[in-house]
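A quick write-up on the structure given underneath.
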Amino acid sequence: MSDGKRIGLYPGTFDPITLGHLDIIERSAGLVDHLIIGVSNNPAKNPLFDLDERIKMVERETAFLADKKGIAVEVRSFNSLLMTFVEEIGASVILRGLRAVSDFEYEFQMTAMNYQLNPNVETVFLMADPSLQAIASRLVKEIAIYDGEIEKFVTPTIRDDVLTKLGKK
Ligand code: ADP
């Protein structure tokens, strides 16, 4: 930790950022002195939006936090092992959102492995807001591909980005 400040990392693919992510970001920001949103390159997941696009979307969608709530978040990309990135940025806490039992198995295993790699870093889970817990980036994309309405899951600007990317606008 640098100068006694608690740095938290919220990592994800954010392909694209959803209202569920934004809720976790806002709540996480209240738990740490400085929140870094880590956008994972993750080519294995074959993202719809490339890394630069995802970073710009996260920056744009979180700008209101600084304007309206005085919460400054930093957006960084990473292409390495999560724990390597955590050490590089001096974070002491990893923040994750938990939607359902289905998230739990994977997160439980990953947290245990990360703890072996660096026991000084704690992973903190925030329960998804019940009204947002069904939202997943993967489903947002699937719904949009089949011409379903995604306005309840993402901001209007992200909705535009998804429709444009899919050639539906
Ligand atoms: P990853 O590839 O790391 O799963 P995601 O972008 O899918 O990246 O998710 C990043 C984090 O946000 C994960 O901890 C995930 O559980 C959480 N998350 C995703 N959607 C929601 C939601 N609707 N509510 C709460 N947390 C969520």
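The values are calculated or read from the model by the stated rules, or taken from the named source; none is laboratory data. Everything numeric here is computed off the predicted structure, so don't read it as measured data. Glycine gets a Cβ as well: all are built from the backbone with ideal geometry, and neighbour counts include every protein chain shown. Accessible surface areas use protein heavy atoms only, side chains included; no ligands, DNA or RNA. Shrake-Rupley method; radii C 1.70, N 1.55, O 1.52, S 1.80 Å.
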Q. Of the heavy-atom accessible surface of the chain (probe 1.4 angstrom), what whole percent is carbon and sulfur?
A. 53 percent
Q. Rounded to the nearest whole Å², what accessible area per residue is found for segment 17-95 with the 1.4 Å probe?
A. 47 Å²
Q.
Let's see if you can work this out: charge +1 on each Lys and Arg Cβ, -1 on each Asp and Glu Cβ, no other charges. What is the dipole magnitude of the chain about its Cα centre, in debye to the nearest 20?
A. 180 debye
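Can you give the FRET efficiency for Lys165 and Met113, using 1/(1 + (r/R0)^6), R0 = 35 Å, r = Cβ-Cβ distance, to the nearest 0.05?
Here the calculated transfer efficiency is 0.60.
Mind checking the per residue accessible area of segment 124-164 for me, 1.4 Å probe, whole number of Å²?
Working: 2510 Å² over 41 residues.
Ligands and nucleic acids excluded, the result is 61 Å² per residue.
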Q. Cross-link partners among lysines for Lys5, C-alpha distance below 27 Å, same-chain residues fewer than 8 apart left out?
A. Lys56, Lys68, Lys69
**Q.** Only Lys, Arg (+1) and Asp, Glu (-1) charged, at Cβ; segment 77-129 dipole about Cα centre in debye
**A.** 20 debye
Q) Say the dipole of segment 7-133 comes from +1 at the beta carbon of Lys and Arg and -1 at that of Asp and Glu; which of Met110, Ile89, Ile25 then lies farthest toward its positive end? A) Ile25
Q: Counting helices only, and only those DSSP H runs with n ≥ 4, report the 222 nm mean residue ellipticity of the chain as the sum of -39,500 (n - 2.57) divided by its residues, in deg cm²/dmol to the nearest 500.
A: -13500 deg cm²/dmol
**Q.** Packing-based ranking, highest mean first, of 118-128, 133-143 given that Cβ atoms within 10 Å are counted
**A.** 133-143, 118-128
(Q) What translational diffusion coefficient, to the nearest whole µm²/s, does the chain have by Stokes-Einstein, given a Kirkwood radius computed over alpha-carbon pairs, a temperature of 25 °C and 0.890 mPa s viscosity? (A) 148 µm²/s
